[in-house]
Amino acid sequence: MYGAFLGDMIGAPYEFDRGNKSKEFEMFNDAVEFTDDSVMTIAVCEGILNAGLDSDEKIMKAEIIKSMKDWGRRFPGAGYGAKFSWWLMLDDPNPYGSFGNGSAMRVSSVGWFYDSIERTREVARWTAEVTHNHPEGVKGAEATASAIFLARIGKSKAEIRDYIISEFGYDLSRTCDEIRPSYRHVESCQETVPEAMTAFLEGNDFEDVIRTVVSLGGDCDTLTCIAGSIAEAFYSVPYEMIKECRLRLTWEMLNVIDRFKEKALGFGDSNE
């Protein structure tokens, strides 16, 4: 999950179109810190682990909701949207039809837990539906987890691209150079997940993917979180970047990562 955390952290200073749409920027400084994207990535991961990887829908969703509420209340100022902040405070929260990109940015652990794409998509759908039960919200989570799964098992970029297009209908025909000039801050799955995937497909290594997606602008922390989570599965993360990431996470988060590594399939084989 380091790719998701690093994407969130590195993209955060440039959210709301605060960057200059360039790949040339300082990668790590005092402004590089986690936001709600990382908090909810941890929360979903812990919820799945607490439920048990083979749990049914009811148990899995209940544990994910419990974990999301717990982590959200631990970090109330992490930058949640208004509707999600309200959801966190409810005793018995229900999904609210969102198609925001929150469902895609928090799903990365699912891409590492299972040995079939069918189960990966099923659990990804459940992680979305607890809040983002709009078809586009569900699609964003499933597509992101699928791309991570395919990258992890060694599929080529062409194979990943073809699967995402055929299964989810995303337009991946534009280049980043075509996207960049008019791209703006938008928080829907349908206008961030395809752009994040395009940046992944164009990148030459993990760092280049991060720099490419930040250069697009827009909702940079979430956009880069999504792209980084896929890039990690394809390239792995340089060790020096992992160290920078861990320095910016809390001990509670690191504990969840340690639990995750025990259950994830292939995670850490080449990058830690």
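Can you confirm whether the range 135-148 contains a residue that is assigned to a loop (DSSP other than H, G, I, E, B) and either polar (S, T, N, Q) or at pLDDT 95 or above (or both)? Among the residues of the range 135-148, not one is assigned to a loop (DSSP other than H, G, I, E, B) and either polar (S, T, N, Q) or at pLDDT 95 or above (or both), which makes the answer no. Ala199 fulfils the conditions (1) within 15 Å of Ser103 (Cα to Cα); (2) among the small types (Gly, Ala, Ser); (3) touching a Leu at 6+ places or on another chain (Cβ under 8 Å) except for a single criterion, (1). Taking the listed residues Ala145, Ala104, the one that is touching a Ser or Thr at 6+ places or on another chain (Cβ under 9 Å), over 16 Å from Met68 (Cβ atoms) and among the hydrophobic types (A, V, I, L, M, F, W, C) is Ala145, with no other qualifying. Looking across the range 53-71, the residues that are closer than 19 Å to Tyr114 by Cβ and of a type in the set (Val, Ile, Thr) come down to Ile59, Ile64. Looking only at residues of the range 1-39 that are of a type in the set (A, V, I, L, M) and over 21 Å from Met197 (Cα atoms), we find that the one that is surrounded by the fewest Cβ atoms within 10 Å (Cβ to Cβ) is Ala31.
Contact annotation: residue pairs with Cβ atoms under 9 Å, 6 or more positions apart or on different chains, pairing a residue in the range 201-222 that is free of Cβ contacts under 8 Å to residues at least 12 places away in the same chain and within 13 Å of Phe234 (Cβ to Cβ) with a partner that is assigned to a helix (DSSP H, G or I) and of a type in the set (S, T, N, Q), are Asn204/Thr212.
Identification of helices (runs of 4 or more DSSP H) wholly contained in the range 9-101 with 1 or more residues that are modelled with pLDDT of 95 or more and of a type in the set (Phe, Trp, Tyr) yields 57-74, 82-89. Given the condition among the acidic types (Asp, Glu) and under 21 Å from Tyr239 (Cα atoms), answer yes or no: does some residue in the range 60-75 qualify? No, that holds for no residue.
The set of residues in the range 56-75 that are buried (at least 18 other Cβ atoms within 10 Å of the Cβ) and not charged (D, E, K, R) comprises Met60, Ile64, Ile65, Ser67, Met68, Trp71, Gly72, Phe75. Among the candidates Thr175, Thr198, the residue that is of a type in the set (Ser, Thr, Tyr), over 17 Å from Ala12 (Cα atoms), in contact (Cβ under 8 Å) with a residue 24 or more places away in the chain and surrounded by 15 or more Cβ atoms within 10 Å (Cβ to Cβ) is uniquely Thr198. A single entry from Arg121, Arg106, Arg125, Arg184 fulfils the requirement of being basic (Lys, Arg), closer than 21 Å to Ile210 by Cα and at pLDDT 95 or above: Arg106.
Among the residues of this structure, Ile65 does not count as one that is more than 17 Å from Phe260 (Cβ to Cβ), free of Cβ contacts under 8 Å to residues at least 40 places away in the same chain and either among the β-branched types (Val, Ile, Thr) or in contact with a Lys or Arg (Cβ under 8 Å, 6 or more places away or on another chain) (or both). Give me the residue from the range 181-193 that is in a helix (DSSP H, G or I) and polar (S, T, N, Q) and, out of that set, farthest from the chain's Cα centre (by Cα). Only one residue tops the list, namely Ser182. Selection within the range 102-113: residues that are part of a loop (DSSP other than H, G, I, E, B) and not hydrophobic (A, V, I, L, M, F, W, C). The member of this set that is nearest to Met197 (Cα to Cα) is Ser108.
The values are calculated or read from the model by the stated rules, or taken from the named source; none is laboratory data. If you're wondering where the values come from, they're calculated on a predicted model, not measured in any experiment. Cβ coordinates were reconstructed from backbone atoms using ideal geometry, including for glycine residues, and neighbour counts include every protein chain displayed.
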